[in-house]
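S.K.: Dropping a structure here in structure tokens format, bear with me for questions.
The values are calculated or read from the model by the stated rules, or taken from the named source; none is laboratory data. Note that this is a predicted model, so its numbers are computed, not measured. Every residue, glycine as well, gets a Cβ built from its backbone with ideal geometry; the counts of neighbours run over all protein chains shown.
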Ligand code: SF4
């Protein structure tokens with residue numbers, strides 16, 4: 001027989017439509033079998049105990065990125081976090097930091113998507129459309145591998161200390177996606193595309209403290225992208241300066 005264990009789930013509840021009711025923890029005591037995820041428990045609480053509990057989820061397979069939250073102080077996906085993996089029988093769930101809370105664990109992702117949209121997150125081609133697909137070598141694909149793996153869960157946004165003090169900052173995920181296309185051998189965006197993020201609210205705002213890397217559930221390293229973009233910008237500037245110097249001689 002499978003052994004059940006009792007866990008206490010403390011979930012931070014708040015409804016932006018009722019601001020007079022302060023954020024508060026609600027407690028649920030649940031019996032859990034080994035192998036159950038935090039998301040499975042949330043679904044059970046909502047379906048069997050409290051239908052007003054709000055959270056996002058979709059794929060249950062760490063692919064859609066919609067169930068990102070803070071679980072016992074760590075930013076992670078509820079669908080890939082095993083309840084039995086903690087050394088405690090109390091699990092505290094809070095919404096992602098650095099976002100406005102809409103309700104309970106649901107946050108307003110608008111600023112995150114605005115920054116994603118800003119970097120033009122798609123292949124840009126300037127030559128004629130080819131008749132067949134454009135092949136990539138293994139090496140070319142490897143260059144973008146880690147950035148392709150980003151599922152846009154926003155854990156990195158929640159972990160970022162720059163966003164905590166500067167809400168207009170580009171954020172780690174948008175930088176990772178821009179680098180993903182800049183490094184893609186099929187992409188033909190003009191060098192001037194980097195100017196979209198070449199300012200004090202763009203890649204230069206990053207403190208390079210690597211919290212985004214620690215928080216990412218898909219092992220993406222957004223700081224690598226930020227450093228890569230910074231290097232590309234410095235190269236561009238040097239080229240311009242050298243070009244001017246040549247013209248003047
Ligand atoms: Fe999520 Fe990682 Fe992508 Fe950030 S870089 S959105 S943490 S998958």
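S.K.: Counting only residues that are within 16 Å of the ligand (Cβ to nearest atom), give me the strands (runs of 3 or more DSSP E) lying completely in region 30-94 with at least 1 of them.
M.R.: The strands (runs of 3 or more DSSP E) meeting that bar are 68-71, 74-77.
S.K.: Sticking with this one: Condition first: surrounded by fewer than 24 Cβ atoms within 10 Å (Cβ to Cβ) and either within 8 Å of the ligand (Cβ to nearest atom) or not in a helix (DSSP H, G or I) (or both). Now tell me which residues in region 150-168 satisfy that.
M.R.: 150, 151, 152, 166, 167, 168
S.K.: So, of the residues in region 194-222 that are within 12 Å of the ligand (Cβ to nearest atom) and part of a helix (DSSP H, G or I), which turns out to be surrounded by the fewest Cβ atoms within 10 Å (Cβ to Cβ)?
M.R.: 214
S.K.: I've got another one for you. Taking the conditions exactly as written (at pLDDT 95 or above and within 11 Å of the ligand (Cβ to nearest atom)), does residue 225 satisfy them or not?
M.R.: yes
S.K.: Could you check residue 237 against (1) more than 15 Å from the ligand (Cβ to nearest atom); (2) surrounded by 13 or more Cβ atoms within 10 Å (Cβ to Cβ) and say which number it fails?
M.R.: Of everything listed in (1) more than 15 Å from the ligand (Cβ to nearest atom); (2) surrounded by 13 or more Cβ atoms within 10 Å (Cβ to Cβ), residue 237 misses just condition (2).
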